[in-house]
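Since the structure comes first, as structure tokens, the remarks are kept for the end.
The values are calculated or read from the model by the stated rules, or taken from the named source; none is laboratory data. As the structure is a prediction and not an experimental result, all values here were calculated from the model. Note that we place each Cβ from the backbone using ideal geometry, even for glycine, and neighbour counts take in every protein chain shown. Protein only, heavy atoms only, side chains kept; ligands, DNA and RNA dropped before computing areas. Shrake-Rupley method; radii C 1.70, N 1.55, O 1.52, S 1.80 Å.
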Amino acid sequence: MLMTLCETGTRGLIAAAFGTASKGETDYAHDLVHHLTSDMLLLADRAFDSNKLLADIAAQGAQFLIRATSTRRPPVLALLPDSSYLTRIGGVRLRVIEAEIRSRSADGDFGGTYRLLTTLSDHRTGPADRLVGLYHEHWEIETAYLALRHTLLKGRVLRSKDPMGLTQETWALLTIYQALRSIMVTAVETVSGCDPDRAGFTVALEAARDTVVSAPGTTATAAPTRRPDLVGHIGTRVLRALLPKRRMRLSALIVKCGTSRYAIWNRDERPRDSTPITAIVITVRPPALPTAHTPDRLAAGRWGQVCRILAEHLNQAMHARDIAGNLGLSASGRVLSGFNAQLCYWARNGRLVRTAPSTCKLPLPEVLTTSTDA
């Protein structure tokens, strides 16, 4: 199993971790967290929204925009003007964006509902619709894996039969990939306004293979009267065969080895062939707040119910007896003692702030009402 940190613009690799499949994806993701820096924004799919991973990423100082699983129902602590809302997950204050994305094509409309978690809590500098559009860039890593699996390896498996040999082959493969990406980006940067997407990886690979035989321009050279040639033979070939600008298109996500004989992977019946997209409609929807008329939408779990009660009281510090009363619990005896112990446990873990004995509030802004623009 291979896990990488990939730049969305250049598709260059920042870091990589790999090993046996007995170790899960999130475990390898934890191995890469220390490579994140405070000037990065991490985009990730819904398999990487565990509480511990989110907390570790935030501890590194990096921002993130990660899709949450459909079963996650974070409590609503503050509504924002763009229909997103603030919440708290794993001790980290986050912003949640719920949106429906519809892609229109000649074959019909396709799309679904997305719930995104992000540390970019300011709706002024990061509007919800822009962040939803930015999240789509996380698919760039699939293009990087396509180049690794199919362009470099041509679909073949690694030849080594032992772990050390597989490790050596994998690092060699990643090194070649990164070297070619570096040359491609350097070449594209010499053309003003040229998107790195237009640099063809196959062209660069074939040019690199030619240099093995003829060895032309493998190093940067400089004549007495001109600047160093930073493009070289490979970069020149790439610039001569730039790809056209990327077109918006969609197709069904094909699973090579399905785990089920039932066709559940294409429920919305997307076309198998690549189809041009005529328009993309992003609709940010406000959260469905629990009410007495919709008991089935009440926040799941005791923690969610406590968060809702504190939010309804503008996050004012509340005594355990008052919170228990709002929950319909007994305000005395063993029930109250057990509930107070639960609040103390949450306070020790940073999920609540203890302001006085048996009194607490959420560690969020003082006013938890619907925000307004300044």
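Which of the numbered conditions does G112 fail, given that it passes all the others? Conditions: (1) in contact with a Ser or Thr (Cβ under 7 Å, 6 or more places away or on another chain); (2) modelled with pLDDT under 90.
(1) is the only condition that G112 fails.
Return yes when R198 is open to solvent by 50 Å² or more (accessible area, probe 1.4 Å), touching a Lys or Arg at 6+ places or on another chain (Cβ under 9 Å) and either within 28 Å of M40 (Cα to Cα) or not basic (K, R) (or both) and no when it is not.
yes
What are the residues in the range 310-322 that are over 14 Å from P357 (Cα atoms) and either open to solvent by 70 Å² or more (accessible area, probe 1.4 Å) or free of Cβ contacts under 8 Å to residues at least 24 places away in the same chain (or both), if any?
E312, H313, L314, Q316
Select, from L239, L230, L253, the only residue that is among the hydrophobic types (A, V, I, L, M, F, W, C) and either at pLDDT 85 or above or open to solvent by less than 70 Å² (accessible area, probe 1.4 Å) (or both).
Matching residue, one of L239, L230, L253: L239.
Can you confirm whether I57 is aliphatic (A, V, I, L, M) and either part of a strand (DSSP E or B) or touching a Ser or Thr at 6+ places or on another chain (Cβ under 7 Å) (or both)?
For I57, the condition - aliphatic (A, V, I, L, M) and either part of a strand (DSSP E or B) or touching a Ser or Thr at 6+ places or on another chain (Cβ under 7 Å) (or both) - is not met.
For the range 75-119, give me each residue that is assigned to a loop (DSSP other than H, G, I, E, B), in contact (Cβ under 8 Å) with a residue 60 or more places away in the chain and either open to solvent by 20 Å² or more (accessible area, probe 1.4 Å) or not polar (S, T, N, Q) (or both).
Selection gives P75, V76, L77, L80, P81, D82, S83, G91, A106, D107, T119.
Report whether or not V367 is out of contact with any Asp or Glu (no Cβ under 6 Å at 6 or more places or on another chain), among the aliphatic types (A, V, I, L, M), at pLDDT below 85 and under 16 Å from R88 (Cα atoms).
Considered against the rule, which asks whether it is out of contact with any Asp or Glu (no Cβ under 6 Å at 6 or more places or on another chain), among the aliphatic types (A, V, I, L, M), at pLDDT below 85 and under 16 Å from R88 (Cα atoms), V367 comes out as yes.
Evaluate the range 129-137: report whether one residue or more is closer than 27 Å to A204 by Cα and either outside any helix (DSSP H, G or I) or open to solvent by 40 Å² or more (accessible area, probe 1.4 Å) (or both).
Looking through the range 129-137, at least one residue is closer than 27 Å to A204 by Cα and either outside any helix (DSSP H, G or I) or open to solvent by 40 Å² or more (accessible area, probe 1.4 Å) (or both).
Given the structure, is T225 at pLDDT 75 or above and hydroxyl-bearing (S, T, Y)?
no
Can you find a residue in the range 143-165 that is of a type in the set (G, A, S), assigned to a helix (DSSP H, G or I) and in contact (Cβ under 8 Å) with a residue 12 or more places away in the chain?
Looking for residues that are of a type in the set (G, A, S), assigned to a helix (DSSP H, G or I) and in contact (Cβ under 8 Å) with a residue 12 or more places away in the chain, one finds at least one in the range 143-165, hence yes.
Quick one: would you say L2 is within 19 Å of A179 (Cα to Cα) and touching a Cys at 6+ places or on another chain (Cβ under 7 Å)?
no
Which members of the range 328-351 meet the condition of being of a type in the set (A, V, I, L, M, F, W, C), without any contact (Cβ under 8 Å) to a residue 24 or more places away in the chain and surrounded by 12 or more Cβ atoms within 10 Å (Cβ to Cβ)?
Result: L329, A331, V335, L336, F339, C344, A347.
Residues T170, T125, T175, T190: which one is among the hydroxyl-bearing types (S, T, Y) and either open to solvent by less than 50 Å² (accessible area, probe 1.4 Å) or in contact with a Leu (Cβ under 6 Å, 6 or more places away or on another chain) (or both)? Steps first, answer last, please.
Values: T125 fails: either open to solvent by less than 50 Å² (accessible area, probe 1.4 Å) or in contact with a Leu (Cβ under 6 Å, 6 or more places away or on another chain) (or both); T175 fails: either open to solvent by less than 50 Å² (accessible area, probe 1.4 Å) or in contact with a Leu (Cβ under 6 Å, 6 or more places away or on another chain) (or both); T190 fails: either open to solvent by less than 50 Å² (accessible area, probe 1.4 Å) or in contact with a Leu (Cβ under 6 Å, 6 or more places away or on another chain) (or both).
Result: T170 is the single residue among T170, T125, T175, T190 that is among the hydroxyl-bearing types (S, T, Y) and either open to solvent by less than 50 Å² (accessible area, probe 1.4 Å) or in contact with a Leu (Cβ under 6 Å, 6 or more places away or on another chain) (or both).
Which residue is surrounded by the fewest Cβ atoms within 10 Å (Cβ to Cβ), if the candidates are limited to the range 42-73 and must be closer than 25 Å to G112 by Cα and touching a residue at least 60 places away in the same chain (Cβ under 8 Å)?
Going through the qualifying residues, I end up with D45.
If I go through the range 48-76 residue by residue, how many of them are in contact with a strand residue (DSSP E or B) (Cβ under 9 Å, 6 or more places away or on another chain), farther than 15 Å from T87 by Cα and modelled with pLDDT under 90?
Adding up the residues that qualify gives 2.
Regarding the range 10-29, can at least one residue be identified that is of a type outside the set (V, I, T), part of a loop (DSSP other than H, G, I, E, B), at positive phi and crowded, with 18+ Cβ neighbours inside 10 Å?
Among the residues of the range 10-29, at least one is of a type outside the set (V, I, T), part of a loop (DSSP other than H, G, I, E, B), at positive phi and crowded, with 18+ Cβ neighbours inside 10 Å, which makes the answer yes.
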